[in-house]
Amino acid sequence: MKKIVLATVAGRDKPGLMAMVTSTFERFQVHVLDVGQSVIHDQLALGFLLRVETSGDVAMRAELLSLCNDAGALMTFEDVPASRYAQWVEASTRSSFIITLLASGGLADELHAVSSITRSEGLNIESIRRLSGRVPPHEVDTPRHSIIEMRVRGEPDDPQRLQAALLEASSKQGFDFSVQRDTVYRRHRRLVAFDMDSTLINAEVIDELAKLHGVGDRVSAITERAMRGELDFQASFRARVAELKGLSADAFRVVAERVHLNPGAERLIRTLKHLGYRTAILSGGFTYVGHHLRRQLGIDHVVANNLVIREGIINGEVEGAIVDARRKAEALTDIARAEDIHIEQTIAIGDGANDLPMLSIAGLGVAYHAKPLVRQSAHHAISNFGLDAVLYLLGFSDEDLAHLER
């Protein structure tokens, strides 16, 4: 006769402990159904789910207890009824999610908030992995970021309520988070698309051009009308471009050299390129600056607006269709199809309302330092970190990134 036994080992981690325990399993012809291990500051937690012969169970336990005692470890055993084992197997087929928690300091309050919310939505935390590096002894009192990845199992009772609760907690406590369904696509993203103005760079190019032309206030007034709903994006964009009539096209070069990349942008794109990701700029801004960034960063695709320029002067008109919210989403789909990439393998990053359609269709849509409405509408948001924090959402640890940067 056979029985199922849960065997756990706890104590200071020592080389060879696993080999010692499993040698006993081998001698007693034990079938290992599952195994899990974690080590926190040299303290070992090791568990085995075993199927053992009832006749040899007592002798096996006695041998293991003696071996672990000699090694300074504590071993315990628990019989697992068939019904409970069946429940465990059934639970393993339930959906799993990855929650990435990005905190600027310690994790106590943030962990309490997230674990309380997941519990209230019927989710169970299965494992936790630290992505940020360990803190050196001389820096334990120095504020630094703490990033962890939590695997949770189950289906939330109310997905929208879960997102809203996490968003409220993150706003109050100043942390960022992401909740991703753990699928094969999450682990194999291949295309990253960026909005340009106020996402990849720290400025709105049309506003900078307007300032050079002395019409900054008039362009700002048009923008405010659009925000009040008096003009749609296309109408407001054409009205703002019309204000640039008569400006020298050389102003593009001046603005392109003046603006700066947002924090973490260069590191993010360098890492993505190193790992073979494809990249794109999908912008309601202008192609001149987009291509300037393409040359600077090695971006693969640029979709943006062209202004009509005659004899070196901007004439206040747009050439071709305007890149608006709908066109951005279409461009993401088109590029993914051309690159033979499934849409679930794409990432889109933006800050404005006209980015929401592409954020919603991407496998991972990230609102970057976005306005409240956009942050609430997007499923993933980075508000307290630089753009390179997206690498944590992909599952990279500080150790991984340090290895890539050697």
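Just tell me which lysines come within less than 19 Å, Cα to Cα, of Lys245; anything on the same chain fewer than 8 places away is out.
Result set, ordered by chain and number: Lys211.
Name the aspartates and glutamates eligible as straight-distance cross-link partners of Lys3: C-alpha to C-alpha under 15 Å, and not fewer than 8 places from it in the same chain.
Asp34, Glu53, Asp57, Glu78, Asp79
Eigenvalues of the Cα gyration tensor times 5, then square-rooted: what semi-axes does that give for the range 66-146, in whole angstrom, largest first?
32, 25, 10
Just for the Cα atoms in the range 90-202, what are the lengths along the principal axes, largest first, rounded to whole Å?
If we take the Cα atoms of the range 90-202, the spans are 46, 37, 26 Å.
Run the helix sum for the chain: -39,500 (n - 2.57) per DSSP H stretch of 4+ residues, divided by residue count, reported at 222 nm to the nearest 500 deg cm²/dmol.
My calculation for the chain gives -12000 deg cm²/dmol from helical runs alone.
Quick one: Debye curve from the alpha-carbon atoms of the range 191-404 only, equal weights, vacuum; give me log10 I(q)/I(0) at q = 0.07 Å⁻¹ to two decimals.
-0.21
As I understand it, the dipole of the chain uses +1 on the Cβ of Lys and Arg and -1 on the Cβ of Asp and Glu, about the Cα centre. Which of Tyr392, Ala336, Val366 lies farthest toward its positive end?
About the Cα centre, the residue reaching furthest to the positive side is Ala336.
Given charges of +1 on the Cβ of Lys and Arg and -1 on the Cβ of Asp and Glu, with all other atoms neutral, how large is the dipole of the range 94-181 about its Cα centre, in debye to the nearest 20?
That gives a dipole near 300 debye.
So if the hydrodynamic radius of the range 289-389 is defined as the Kirkwood radius over C-alpha pairs, what does Stokes-Einstein give as its diffusion coefficient at 10 °C and 1.306 mPa s, in µm² per second?
It comes out at roughly 105 µm²/s.
Which values of log₁₀ I(q)/I(0), to two decimal places, follow from the Debye formula for the range 1-112 at q = 0.14, 0.17, 0.18, 0.20 Å⁻¹ with a uniform point scatterer at every Cα?
Log-scaled intensity ratios, in q order: -0.70, -0.91, -0.97, -1.08.
Once you order the gyration tensor axes a ≥ b ≥ c over the Cα atoms, which shape class does the range 213-319 get: rounded for a/c under 1.5, otherwise prolate or oblate by comparing a/b with b/c? Each step should come with its number before you reach the end.
On the way: a/c = 2.21, a/b = 1.67, b/c = 1.33.
Taking the square roots of the gyration eigenvalues as a ≥ b ≥ c, the range 213-319 is prolate.
Enter the angle in degrees (range 0 to 90, nearest 10) between the Cα long axis of helix 216-227 and the first principal axis of the Cα atoms of the chain, meaning the one along which they spread out most.
50
What's the angle, to the nearest 10 degrees (0 to 90), between helix 108-120's Cα axis and the longest principal axis of the chain?
80
If you put +1 on each Lys and Arg Cβ and -1 on each Asp and Glu Cβ, how big is the dipole of the range 191-404 around its Cα centre, in Debye rounded to 20?
Roughly 300 debye, rounded to the nearest 20.
Within the range 51-65, list the residues whose amide N lies under 12 Å from a label point set 7 Å along Cα→Cβ of Met20.
Flagged as within label range: 64-65.
Rg and Dmax of the chain, Cα atoms, in Å?
Both quantities, over Cα of the chain: 27.2, 94 Å.
Work from the charge dipole of the range 231-294 (Cβ charges, +1 for Lys and Arg, -1 for Asp and Glu, about the Cα centre) and give the residue of Ile269, His292, Phe252 farthest towards its positive end.
Of Ile269, His292, Phe252, it is Ile269.
Rounded to the nearest 20 Debye, what is the dipole magnitude of the chain about its Cα centre when Lys and Arg each give +1 and Asp and Glu each give -1 at the C-beta?
That gives a dipole near 360 debye.
None of the figures in this text is laboratory data; all of them are computed from the coordinates on show. Predicted model, so just to flag it, every value in this text is computed and none were measured. Ideal geometry is used to build each Cβ from the backbone, glycine not excepted, and the neighbour counts take in all protein chains shown.
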